[in-house]
Amino acid sequence: METWDAHAVRERLREKAALDPGHTRHGARTHRYALAAPLAPAAVDGFEQRHGIRLPPQYRAFVTAVGDGPAGPAHGLLPLVTPRPEAAGEEWAVDGEWEDDRRPGRAAAPFPLTAPRTGPLGRGYEEFAAGTLTLAEEGCGTYLRLVLNGPYAGQVWRLDPDWGGFVPAAPDFRTWYTDWLETP
């Protein structure tokens, strides 16, 4: 069973915020080093049942023990169950990605890649996102996605359709998040 030390994560976030009071680091103005309340396990169970998936244990443990975003890498973690509170008043591409991830069948679809794809992906790159969940946006249409099934399940991949392709960014959610958390 995966566990997180919620107190330690929150303490580290307070330290990061103290080092960046003006929120000048990439994405800090969006997430402000703040965490929403954790989700009840029943809410996560409902999400998994609706989408026919089982979330990777590290991510599931994070959203149920630590928080449902937003403090995190890039522009912060997207919430799992409920859209960002500000999503209705802004036009962010990441909100469209969040909604697409919740279309029936998309999360449960097989992850289509058998190997990383480097370079520009061209039209139809959206098909590569099947079987994944958007974790965060880096900006300029680049997303960090959690692979939900297949041989890469649990890995975090970077989707940069214009330049970098769709490639692994971290071996798992814990590594991805704690690497950011530990960076000064």
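The values are calculated or read from the model by the stated rules, or taken from the named source; none is laboratory data. Model, not experiment: these values are computed from the prediction. Glycine also receives a Cβ, built like all others from the backbone with ideal geometry; neighbour counts cover every protein chain displayed. When the accessible area is computed, the model is the full protein with side chains, heavy atoms only, and any ligands, DNA or RNA have been set aside. Shrake-Rupley method; radii C 1.70, N 1.55, O 1.52, S 1.80 Å.
Here are the numbers for the structure shown:
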read-out: Among residues of the range 127-159, those that are open to solvent by 10 Å² or more (accessible area, probe 1.4 Å), more than 22 Å from residue 82 (Cα to Cα) and not small (Gly, Ala, Ser), counted; value: 8
read-out: Residue within the range 7-20 that is of a type outside the set (A, V, I, L, M, F, W, C), part of a loop (DSSP other than H, G, I, E, B) and farther than 16 Å from residue 179 by Cβ present; value: yes
read-out: Some residue of the range 52-62 being open to solvent by 50 Å² or more (accessible area, probe 1.4 Å) and assigned to a loop (DSSP other than H, G, I, E, B); value: yes
read-out: Residue match in the range 113-121 (condition: without any contact (Cβ under 8 Å) to a residue 60 or more places away in the chain, under 19 Å from residue 27 (Cβ atoms) and of a type in the set (S, T, N, Q)); value: no
read-out: Failed item in (1) under 28 Å from residue 8 (Cα atoms); (2) at pLDDT below 95, with residue 181 passing the rest; value: (2)
read-out: The range 160-178 - residue that is of a type in the set (Phe, Trp, Tyr) and open to solvent by 10 Å² or more (accessible area, probe 1.4 Å) and, of those, nearest to residue 147 (Cα to Cα); value: 176
read-out: Every residue from the range 21-32 that is open to solvent by less than 70 Å² (accessible area, probe 1.4 Å) and either in a helix (DSSP H, G or I) or in contact with a Gly (Cβ under 9 Å, 6 or more places away or on another chain) (or both); value: 27, 28, 30, 31
read-out: Neighbours by Cβ (under 9 Å, 6+ apart or cross-chain): first from the range 149-161, under 12 Å from residue 134 (Cα atoms); second of a type in the set (D, E, K, R) and part of a strand (DSSP E or B); value: 156/145; 157/145; 158/138; 158/145; 159/145
read-out: Identity of the residue in the range 137-171, touching a helix residue (DSSP H, G or I) at 6+ places or on another chain (Cβ under 8 Å) and among the small types (Gly, Ala, Ser), that ends up modelled with the lowest pLDDT; value: 141
read-out: Given (1) closer than 25 Å to residue 127 by Cα; (2) open to solvent by 50 Å² or more (accessible area, probe 1.4 Å); (3) at pLDDT 95 or above, index of the condition residue 37 fails; value: (1)
